[in-house]
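One structure below.
The values are calculated or read from the model by the stated rules, or taken from the named source; none is laboratory data. Remember, predicted model here, so these are calculated numbers, not experimental data. Every residue, glycine among them, receives a Cβ derived from its backbone with ideal geometry; neighbour counts consider all protein chains shown.
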C-alpha cells in the first residue's frame, strides 16, 4: 500500500472514530424537541429557536460536544484533502483536474467554516449572541455541509468511474 493510501486510510479511520465518539458523547443532545442533535444548534437561526434548543440540553454536554468537534474538523479536513487529491490524480479530463484542485481548497474552507461555527455556538450557549451571529452560524453550517456533499460526490464519482473503466 502506497504511503498516500495509508494516510488516506488513517484519515478515514480517524474521521469514523470521531463520528462514533461525537455520537456517543452527544447522545444527550437527542431529544424530542431536538431529534437532529447538535444540528439543531447549528441551524438555530433565531433567538426563539436557540432558546428552545438550549432548554432541552445540559449545557456541559453540548459544550463538550462542540469541543470534541474541533478534533473531528481536523480529521475530516485531512480526509477530504487527501481523498480529493487522490481522486484528482485519477482524472485525465482537465476540468475534473481543476475541479479537484479547487476541491482541496474547498476542504480547507469547510474546516474554517466549521471552526467559525463552533466558536459562534460556544458563544451562543454562553448567552453571547445576536440575530446576526445566529444567522452567521446557520450560513457557516449550510455552506460547510454543501461543500462536504460536493466533495463526497466528487470522490464517489471518481471511484465509480475508475471501477467502470476497469471492467
**Fill in**
Checked against (1) within 30 Å of residue 162 (Cα to Cα); (2) surrounded by fewer than 15 Cβ atoms within 10 Å (Cβ to Cβ); (3) over 22 Å from the mean Cα position of the chain (by Cα), residue 91 satisfies every condition except (2)
**Asked** For residue 53, are the conditions met, namely being surrounded by 15 or more Cβ atoms within 10 Å (Cβ to Cβ), part of a helix (DSSP H, G or I) and in contact with a strand residue (DSSP E or B) (Cβ under 9 Å, 6 or more places away or on another chain)?
**Response** yes
**Message:** Cβ contacts < 6 Å: first residue at positive phi and in a helix (DSSP H, G or I), restricted to region 109-125; second residue surrounded by 20 or more Cβ atoms within 10 Å (Cβ to Cβ) and modelled with pLDDT under 95, any location; separation 6+ or different chain. Result?
**Reply:** none
**Item:** Some residue of region 10-33 being over 18 Å from the mean Cα position of the chain (by Cα) and buried (at least 17 other Cβ atoms within 10 Å of the Cβ)
**Value:** no
**Looking only at region 126-139, and only at residues there that are in contact (Cβ under 8 Å) with a residue 40 or more places away in the chain and in a helix (DSSP H, G or I), the one that is surrounded by the most Cβ atoms within 10 Å (Cβ to Cβ)** = 137
**Prompt:** Of 98, 92, 63, which residue is assigned to a helix (DSSP H, G or I) and either free of Cβ contacts under 8 Å to residues at least 12 places away in the same chain or within 30 Å of residue 7 (Cβ to Cβ) (or both)?
**Reply:** 98
